[in-house]
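The structure under discussion appears below in the form of structure tokens.
The values are calculated or read from the model by the stated rules, or taken from the named source; none is laboratory data. This structure is a prediction, so every number in the text was calculated from the model and none was measured. Glycine also receives a Cβ, built like all others from the backbone with ideal geometry; neighbour counts cover every protein chain displayed.
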Amino acid sequence: MKYDFSLTINSDIRDSIHNVQKFFDTNRTSTTITKIINLMYPYIKRYLLVTEEYIPVYENISWDQKIHICIDYKVYLLLKKIHDDTNSYSIAFIIRRILDFFIDNISKHQNIESFLSYLVILCKKNETSTKKEQFDVWEFMRIRGLNKMGRLILDKEKREFPLDSPHLSIIYNKYYRSIGISFAPSGFSG
């Protein structure tokens with residue numbers, strides 16, 4: 001599924017995109033932008049690891065050309081999630097930052113393969129994995145005689161609520177959109 005998206009760019013970005021069109025075998029600016037975004041999709045997931053921008057910035061308005069692009073719906077949803085998580089100005093702001101990042105770095109590497117290997121190294125370098133031992137809350141509560149939310153149920157399974165209490169289940173599709181909700185009022189006497 002495709003998503004139609006419009007964004008504005010200035011002549012500097014357009015000229016820079018014309019300079020990198022040789023890597024994509026196309027002459028259309030919108031097609032080149034779409035191919036760049038699709039190429040960067042695995043790395044967009046780590047957007048905050050590869051860029052130093054954590055604070056949303058309002059840009060000076062210098063955009064003079066409107067571009068219409070068609071991107072995959074899953075890419076759009078990821079960009080929308082980044083937009084929500086980072087509280088950025090707009091999704092177009094994020095796309096322009098991705099284009100800037102791509103244009104700045106592709107000129108250093110001279111081909112797409114070396115650029116992608118650079119991205120893999122950059123993402124692995126910036127990943128921080130901390131190995132922590134899991135804290136056993138249940139043991140801590142048992143030793144100190146603490147009960148949270150009323151009572152502590154210790155019958156083969158460690159939980160704080162009975163299994164026959166009412167609960168809500170949400171089913172998601174591959175795009176993390178809710179597609180079903182089920183309510184189990186078992187044991188509920190209302």
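Look through the stretch 19-30, keep the residues that are farther than 14 Å from GLN110 by Cβ and free of Cβ contacts under 8 Å to residues at least 24 places away in the same chain, and return whichever of them is surrounded by the most Cβ atoms within 10 Å (Cβ to Cβ).
Looking at residues that are farther than 14 Å from GLN110 by Cβ and free of Cβ contacts under 8 Å to residues at least 24 places away in the same chain, I get PHE24.
Here are some residues: ASP104, ASP84. Which one is out of contact with any Phe, Trp or Tyr (no Cβ under 6 Å at 6 or more places or on another chain), more than 15 Å from ILE33 (Cα to Cα) and not assigned by TED's automatic domain parsing to the domain that holds LYS174?
None of the other options fit; the residue is ASP84.
Condition check ((1) out of contact with any Phe, Trp or Tyr (no Cβ under 8 Å at 6 or more places or on another chain); (2) at pLDDT 85 or above) across all residues:
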position	(1), (2)
TYR3	no, no
ILE17	yes, yes
THR26	yes, no
ILE37	yes, yes
GLU52	yes, no
ASN60	yes, no
TRP63	yes, no
ILE69	no, yes
LYS74	no, yes
